[in-house]
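Asker: Input: one structure, supplied below.
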Amino acid sequence: MAVDQTRRVKAASSQRKAYRLGIKRRVNASRARQYLQLLRRTMSIQDIAEAADMAYTAIWAILHDRETVLPATERKILAVTPINGAVLLDSIGARRRVQALATKGWTVKEIGRQVAKRRGDAWANITRVLQSQRLTASLAHEIHAVYTDLCQQVPPADVHATQAKARAQRNGWAPPAAWEAVDIDDPDAQPDWAAVRCESECGRAVKPGHLRCPACLKRLKALGTLDGYSPLRNGRALAEDAWFISKNEGLSLGNEQQAAMVAERLGVTLAALQASLVRHGTMKMQAERLAKEETQ
């Protein structure tokens, strides 16, 4: 105990002397912070603190706001060995990344294909990331890498991308822009919707949960398109929107080619649209006929 006390006194004295003589004894904390962020993929802050023989509060400060650290502190942090990637982590960061990619039009299937390619596997189950509370550290790492890559790309313009965006819009998922200045892996963090701009060329601010500004949403809704506002929730709504587009734009739902155009506008397959029209379209016609008979 006396030896430790002596060492602390000498270290403090040396630090005061260096400060008095203008000697820079501290280093930028960015290197230590980056390594801590890597360790956080598989370890808690408490685990890191114990492995580095440091206080929990010191690790927390370096992760969040401390700009400089002592060289000895940096060496302690860099000496910590990451835990094996099979350790389970909270899935919230990976889940938010998958959801954010969906707002751009990337499907779960394509994200899984990219992850599997990086891992050398034939297939990766990304659906469970959206449903489970935990996932392996290695899978979280691969999703992070795929997220970084796909955010810089434009997905194929097909019905699958439309469906992915419709699902994201329906659930109010936040796009990548909402997480740029926020720690996406922090369970307590909230997306910064103020940083999100309308997908249309107007570039105006959007409301939380939407990817387009109120003006563009109003215009698109008036045109009968579901791009950009809360889309289909059931078959009846699908049939009603299909009839609306058909009536206002002169597209015949009885013509397979024109019906396919309507289906693409609505972000569904032709088969799904036809099934809804058969079920709910018939019910609507029956209701209209009964209402007409009652008025006669």
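The values are calculated or read from the model by the stated rules, or taken from the named source; none is laboratory data. Keep in mind that what you see is a predicted model, and the values were worked out from it rather than measured. Reconstructed Cβ throughout: ideal geometry from the backbone, glycine too, with neighbour counts over all protein chains shown. SASA here: full protein model, heavy atoms, side chains in, ligands and nucleic acids out. Shrake-Rupley method; radii C 1.70, N 1.55, O 1.52, S 1.80 Å.
Asker: Given (1) modelled with pLDDT of 80 or more; (2) in a helix (DSSP H, G or I); (3) open to solvent by 40 Å² or more (accessible area, probe 1.4 Å); (4) touching a Lys or Arg at 6+ places or on another chain (Cβ under 9 Å), where does Ser138 come up short, assuming only one miss?
Answerer: Result: Ser138 fails condition (1) only.
Asker: Which condition does Val182 not pass, out of (1) part of a loop (DSSP other than H, G, I, E, B); (2) open to solvent by 70 Å² or more (accessible area, probe 1.4 Å); (3) within 17 Å of Arg95 (Cα to Cα), if it passes all the others?
Answerer: For Val182, the exception is condition (2).
Asker: Given the criteria at pLDDT 80 or above and either touching a strand residue (DSSP E or B) at 6+ places or on another chain (Cβ under 7 Å) or not aliphatic (A, V, I, L, M) (or both), does Pro176 qualify? Give the derivation first.
Answerer: Numbers: at pLDDT 80 or above: yes; either touching a strand residue (DSSP E or B) at 6+ places or on another chain (Cβ under 7 Å) or not aliphatic (A, V, I, L, M) (or both): yes.
When the stated conditions are applied, Pro176 passes them.
Asker: Would you please name the residue that is nearest to the chain's Cα centre (by Cα), looking only at residues in the stretch 212-233 that are at pLDDT 65 or above and part of a loop (DSSP other than H, G, I, E, B)?
Answerer: Residue satisfying both the conditions and the ranking: Arg212.
Asker: If you don't mind, there's one more thing I want to ask. Checking Ala18 against (1) modelled with pLDDT under 85; (2) loosely packed, with under 13 Cβ neighbours inside 10 Å; (3) part of a helix (DSSP H, G or I), only one condition comes out false. Which one?
Answerer: Every condition holds for Ala18 apart from (2).
Asker: State the number of residues belonging to the stretch 245-257 that are open to solvent by less than 60 Å² (accessible area, probe 1.4 Å), not hydrophobic (A, V, I, L, M, F, W, C) and not in a loop (DSSP other than H, G, I, E, B).
Answerer: 1
Asker: Give me the pairs: first residue in the stretch 169-194 and under 17 Å from Leu211 (Cβ atoms), second residue open to solvent by less than 20 Å² (accessible area, probe 1.4 Å) and of a type in the set (S, T, N, Q), beta-carbon distance under 7 Å, and six or more apart or on different chains, which are they?
Answerer: Trp173/Thr103; Pro175/Thr103
Asker: Just wondering, is there one or more residues in the stretch 119-132 that are assigned to a strand (DSSP E or B), open to solvent by less than 70 Å² (accessible area, probe 1.4 Å), among the hydroxyl-bearing types (Ser, Thr, Tyr) and out of contact with any Asp or Glu (no Cβ under 7 Å at 6 or more places or on another chain)? Show your work before the answer.
Answerer: Here is the first cut: in the stretch 119-132, the residues assigned to a strand (DSSP E or B) are none.
No, because not a single residue in the stretch 119-132 is assigned to a strand (DSSP E or B), open to solvent by less than 70 Å² (accessible area, probe 1.4 Å), among the hydroxyl-bearing types (Ser, Thr, Tyr) and out of contact with any Asp or Glu (no Cβ under 7 Å at 6 or more places or on another chain).
Asker: Of all residues in the stretch 97-118 being open to solvent by 30 Å² or more (accessible area, probe 1.4 Å) and within 27 Å of Arg197 (Cβ to Cβ), which is nearest to the chain's Cα centre (by Cα)? Break it down into steps so the answer makes sense when it comes.
Answerer: First, pick out the residues of the stretch 97-118 that are open to solvent by 30 Å² or more (accessible area, probe 1.4 Å): 99, 104, 107-110, 113-114, 117-118.
If we keep only those that are within 27 Å of Arg197 (Cβ to Cβ) too, we end up with 99, 104, 107-108, 110, 114.
Working: Gln99: 4, Lys104: 10, Thr107: 12, Val108: 12, Glu110: 15, Gln114: 16 Å.
If we take residues in the stretch 97-118 being open to solvent by 30 Å² or more (accessible area, probe 1.4 Å) and within 27 Å of Arg197 (Cβ to Cβ), then Gln99 is nearest to the chain's Cα centre (by Cα).
Asker: Let me ask something else about it. Of all residues being surrounded by 18 or more Cβ atoms within 10 Å (Cβ to Cβ) and in a helix (DSSP H, G or I) in the stretch 37-50, which is modelled with the lowest pLDDT? Just the residue, please. Break it down into steps so the answer makes sense when it comes.
Answerer: Restricting attention to the stretch 37-50, the residues satisfying the condition of being surrounded by 18 or more Cβ atoms within 10 Å (Cβ to Cβ) are 39-43, 48-49.
Those left that are additionally in a helix (DSSP H, G or I): 39, 48-49.
Values: Leu39: 81, Ile48: 86, Ala49: 88.
It comes out as Leu39.
Asker: When residues of the stretch 151-179 are filtered for being of a type in the set (A, V, I, L, M, F, W, C) and part of a loop (DSSP other than H, G, I, E, B), how many remain? First the steps, then the outcome.
Answerer: Quick first cut of the stretch 151-179, residues of a type in the set (A, V, I, L, M, F, W, C) only: 151, 154, 157, 159, 161, 164, 166, 168, 173-174, 177-179.
Then drop every residue that is not part of a loop (DSSP other than H, G, I, E, B), which leaves 151, 154, 157, 173-174.
Of the residues in the stretch 151-179, 5 are of a type in the set (A, V, I, L, M, F, W, C) and part of a loop (DSSP other than H, G, I, E, B).
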